[in-house]
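Below is one structure, written out as structure tokens; comments come after it.
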DNA sequence: CTTGAAAACTGAGCGAA
DNA sequence: TTCGCTCAGTTTTCAAG
């Protein structure tokens with residue numbers, strides 16, 4: 001991970017469809033050299049995935065919420081982790097230090113879907129003793145990387 | 001946005017470097033047809049960006065935190081929005097309904113950087129009256145799209 | 001959708017640090 | 001040994017029909 005690799009990562013972050021030859025012009029390297037560096041970044045697990053950022057409002061998923069979850073017994077944690085990660089509306093799941101144990105970022109179409117997720121899915125998981133939901137009114141910034 | 005477009009979006013979501021011809025095989029369409037659909041999805045703003053998911057730990061950004069922020073007067077909101085979005089460590093900024101006004105997702109290298117962000121940047125913004133920081137111990141799931 | 005020209009990618013072999 | 005280059009063959013893209 002030298003300076004050139006960081007420039008390549010920055011280029012891909014801005015546009016992952018950028019061609020190796022375009023990146024090569026930026027970092028003054030030949031096409032095979034750039035391809036090889038990208039391959040190694042993938043192999044090392046530094047590049048985890050190539051993806052697109054999709055406009056949620058335009059695809060009908062209008063309701064973004066953050067849900068704090070408290071778990072009661074440590075014996076329930078493994079089940080909770082496995083089950084919650086498999087939930088489609090759960091975009092993110094972070095283990096927290098503090099009052100609550102987990103923070104979920106949940107994306108649904110409307111409030112009725114959110115209600116169903118909270119009542120039918122989340123609260124029925126073993127060990128879930130409390131939760132606290134906050135609705136996002138709007139999103140000003142949302143990057144996945146630094 | 002018909003079924004085919006959704007399949008194309010799903011393909012790009014899984015791997016944004018996938019070629020149009022590979023996508024074409026999945027959706028039974030010719031290469032120019034796929035390219036044209038992608039172009040229209042970009043034009044419509046449904047595809048907002050192509051990007052990579054980078055492993056944070058391996059690039060030295062080890063500390064992820066969520067910061068709730070309360071703002072005092074509405075006159076300060078515009079300044080706060082502009083300034084906070086420009087902050088490099090701030091990955092996300094959501095406007096919330098509830099006790100706090102904003103939720104920030106902040107990525108830094110270590111606790112000293114976090115301290116500097118909270119003390120030197122956030123708390124010096126006009127109107128910031130309270131904040132509440134939660135450290136992420138680990139991340140189980142982190143998608144940008146549904 | 002098909003087609004053909006231009007551009008890009010891949011892999012091998014070679015040379016320099 | 002590692003890294004990058006050039007070259008040749010193949011694939012992909014792009015725009016015209």
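Which count do you get for residues in the range B:8-36 that are under 20 Å from residue B:52 (Cα atoms) and part of a helix (DSSP H, G or I)? Before the answer, list the steps.
In the first step, residues of the range B:8-36 are kept if they are under 20 Å from residue B:52 (Cα atoms); the result is B:8-20, B:22-23.
Narrowing the set further to residues that are part of a helix (DSSP H, G or I) leaves B:8-14, B:20, B:22-23.
Final tally of qualifying residues: 10.
Just checking, does the range B:14-30 include any residue being free of Cβ contacts under 8 Å to residues at least 40 places away in the same chain and more than 16 Å from DNA strand C (Cβ to nearest atom)?
Within the range B:14-30, the subset free of Cβ contacts under 8 Å to residues at least 40 places away in the same chain is B:14-30.
From what's left, more than 16 Å from DNA strand C (Cβ to nearest atom): B:14.
Yes, the range B:14-30 has at least one match.
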- Query: Among the residues of the range A:123-136, is there at least one that is buried (at least 17 other Cβ atoms within 10 Å of the Cβ), more than 10 Å from chain B (Cβ to nearest Cβ), within 19 Å of residue B:142 (Cβ to Cβ) and in contact with a helix residue (DSSP H, G or I) (Cβ under 9 Å, 6 or more places away or on another chain)?
  - Reply: no
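Using the structure shown, decide if residue B:79 is in contact (Cβ under 8 Å) with a residue 40 or more places away in the chain and out of contact with any strand residue (DSSP E or B) (no Cβ under 9 Å at 6 or more places or on another chain). Before the answer, list the steps.
On the way: in contact (Cβ under 8 Å) with a residue 40 or more places away in the chain: yes; out of contact with any strand residue (DSSP E or B) (no Cβ under 9 Å at 6 or more places or on another chain): yes.
So residue B:79 fits the description; yes.
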- Item | Count of residues meeting criterion [crowded, with 16+ Cβ neighbours inside 10 Å and within 8 Å of chain A (Cβ to nearest Cβ)] in the range B:19-47 | 2
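Mind checking whether some residue in the range B:65-73 is within 10 Å of chain A (Cβ to nearest Cβ) and without any contact (Cβ under 8 Å) to a residue 60 or more places away in the chain?
Filtering the range B:65-73 down to residues within 10 Å of chain A (Cβ to nearest Cβ) leaves B:65-66, B:68.
Remaining after also requiring without any contact (Cβ under 8 Å) to a residue 60 or more places away in the chain: none.
The answer is no, given that none of the residues of the range B:65-73 is within 10 Å of chain A (Cβ to nearest Cβ) and without any contact (Cβ under 8 Å) to a residue 60 or more places away in the chain.
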- Sole miss for residue B:54 among (1) touching a residue at least 12 places away in the same chain (Cβ under 8 Å); (2) buried (at least 18 other Cβ atoms within 10 Å of the Cβ) is condition (1)
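Condition check: in contact with a strand residue (DSSP E or B) (Cβ under 9 Å, 6 or more places away or on another chain) and within 16 Å of DNA strand D (Cβ to nearest atom). Does residue A:72 satisfy that?
Working: in contact with a strand residue (DSSP E or B) (Cβ under 9 Å, 6 or more places away or on another chain): yes; within 16 Å of DNA strand D (Cβ to nearest atom): no.
Against the criterion (in contact with a strand residue (DSSP E or B) (Cβ under 9 Å, 6 or more places away or on another chain) and within 16 Å of DNA strand D (Cβ to nearest atom)), residue A:72 does not qualify.
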- Can you name the condition, by its number, that residue A:70 falls short on among (1) more than 15 Å from DNA strand C (Cβ to nearest atom); (2) under 20 Å from the mean Cα position of the chain (by Cα); (3) assigned to a strand (DSSP E or B)? (2)
- Query: Any residue in the range A:41-49 that is in a helix (DSSP H, G or I), out of contact with any strand residue (DSSP E or B) (no Cβ under 9 Å at 6 or more places or on another chain) and within 16 Å of DNA strand D (Cβ to nearest atom)?
  - Reply: yes
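FYI, it's all coordinate maths here, none of it is from the lab. Note that the structure is a prediction, hence the values are computed from the model and not measured. All Cβ positions, even for glycine, are placed from backbone atoms using ideal geometry, and neighbour counts span all protein chains on display.
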